[in-house]
Amino acid sequence: MGFLNAFLEFLGFGIGLPFGLLIGFFLFVYSKPKDVKDPVVRPLHELDTDALLDILPDIPLWVKCPDYERVDWLNKFLLDMWPYLDKAICAMIRSTTKPMFAEYIGKYKIEAIEFEHLTLGTLPPIIQGLKVYETMEKDLVMEPAIRWAGNPNIVLVLQLLSVRLRFQTDSASLQLVDLQIFAAPRVALKPLVPTFPCFANIVVSLMERPHVDFGLKILGGDVMSIPGLYRLVQDMIKKQLASLYLWPQTLDIPVLDASTMVIKKPVGILHVKVVRAKKLLKADILGTSDPFVKLSLTGEKLPAKKTTIKKRNLNPEWNENFKLVVKDPESQVLQLQVFDWDKVGGHDRLGMQFVPLKVLTPRETKEFTLDLLKHTNISDSQDKKQRGQIVLELTYVPFREDSIEFSGPLDGNDGRGSASGRSSSGDESLSGAGLLSVIVQGAEDVEGKNHINPYALVLFRGERKRTKKIKKTRDPRWNEEFQFTLDQPPLHELIRIEVMSKRTSFSFRSKESLGHVEINLDDVVHNGRINHKYHLIDSKNGVIHVEIRWITV
């Protein structure tokens, strides 16, 4: 009898517990409070301080923060474009998830996974404010405050053992309701390039964890109302998003192919030693020539390098060294032209020759003895005249591939911006040859007493280089780069940049200084790069934006 009582007690407990939990769940889900009253709607100016603090999270950022701009025009644009954006985004989701679903085909008896229906709904996200940062880099950085209360409709079909299971957001089986997302991502368009649409990549990152709120109904009951489950799901979603896109993690979206970008960075230095020439043509009346050599790399707009002039010599000895900046060693060609110098009129070309850089082995010196040609058409059989030979030594030295990443705060304390870098390990960057690159971006608030047609002069080690002149402006934008190839790092040296103005017509006061700055290059050598705005000396409010890089070989 005791055994029977124990068995009945165990059976009653096993049946009553799950049955009671099930009844309690449905009572909890479907029970509604009876004292719910309609909310009182009042204008903001009638609310007191406590009431305003309660609703502060719902106030748009452009109201609370003066840094954020109101962008009603952009919200109108999203409203009109949303039907097309919805299709484009859903197509991208399908293409992205297709390989992910394919990994599970054949596992766990799964035969197929696919979206039967996928739409983000008819309600577009609302941008509650937009903040744009001023940076020193060639990029555009913005932070939109996005709030989206959407009505998505998603139907996912899973075929398991020839049985199709449907998981959808608009049916009684599984329903996603009251979806709300609030996020303030940082969007960067970089780098800015002179090819439409003028930026190569879109880089997106989250500066803080986004707020995600939604309800999930199964068989008409709201599962998210179960105590503890709502917080657990929210934390799990936030952690997953944070692990993927929380800064410094980023989502990179390429816009332009790398091959379409016309800007190429220097990758090395070509050392050229013009040794001598032999048996050159007689171009002068007295039976001699006054030869000199011009050197240049194809694809460059820089002025050609020139040797000295050897008067009345058909077998000149130069032994002169030159450095040329290389941007593409696979396609660039060294062009050599030998001229006869004339005091009056143009110089006569005695011959020319080409050397493709791809025939050179990096860091290995190679000597060439080349027959001079009349022109580039080597197969021309009509010109059999011997024009002599030229002897030279070539060495291609690529730059070191140091993993240096430059990053700077988006807004400095002084409003002028700043830059910081991480130098390479050891003291190797403090010795050896390299390339000093000076980029004069532009100037602000320059003013002259007589005229304002500004251009910039760069003076370093006796060399003098200048930007183009821009007429009638106090805020010129030059964005021009100047390069100096050096045998040693420019430690304890200064570079002078002066902003000048020049009249367009003849005048006794045709030139005028608008201010200057002298920059110590020690920081450039140690950090590899600086990017600053400098106040111009002898100018009231003038500022010049300069970027300087030091790349070692």
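Modelled spin-label separation between Thr361 and Val204, with each label point placed 7 Å from Cα along the Cα-to-Cβ direction: 5.0 nm. You can think of it this way: the chain between Glu444 and Val344 has 31.5 nm of extra reach, that is 0.36 nm per residue less the Cα-Cα gap. The length gained on full extension between Asp538 and Ser513, counted as 0.36 nm times the residue separation minus their Cα-Cα distance, comes to 8.1 nm. Here Met81 sits with roughly 70 square angstrom of accessible surface, probe radius 1.4 Å.
Spin-label model, Ser95/Asn315: points 7 Å from Cα along the beta carbon direction are separated by 6.8 nm. Relative protection proxy for 439-446, 458-465, 330-337, from highest mean packing down: 439-446, 330-337, 458-465 (other beta-carbon atoms within 10 angstrom).
For the peptides 82-90, 118-126, the ranking by mean Cβ contacts within 10 Å, running from highest to lowest, is 118-126, 82-90.
Contact order for the range 242-311, expressed relative to its length and based on alpha carbon pairs under 8 Å spaced 6+ residues apart, stands at 18 percent. Between Ser331 and Ile237, full extension at 0.36 nm per residue minus the direct alpha carbon distance yields a gain of 28.8 nm. When the trypsin sites (Lys or Arg not before Pro) in the range 491-544 are filtered for DSSP coil states and for at most 12 other beta-carbon atoms within 10 Å of their beta-carbon, the remaining sites are Arg509, Lys540.
Taking 7 Å steps out from each Cα toward its Cβ at Leu123 and Asp139 produces label points 3.4 nm apart. Bridging of Lys64 to lysines at a Cα separation below 20 Å is possible for Lys131, once same-chain residues fewer than 8 apart are set aside.
The values are calculated or read from the model by the stated rules, or taken from the named source; none is laboratory data. All of these numbers come straight from a predicted model, not from anything done at the bench. We place every Cβ from the backbone using ideal geometry, glycine too, and count neighbours over all the protein chains shown. Calculation scope for accessible area: heavy atoms of the full protein, side chains included, ligands and nucleic acids excluded. Shrake-Rupley method; radii C 1.70, N 1.55, O 1.52, S 1.80 Å.
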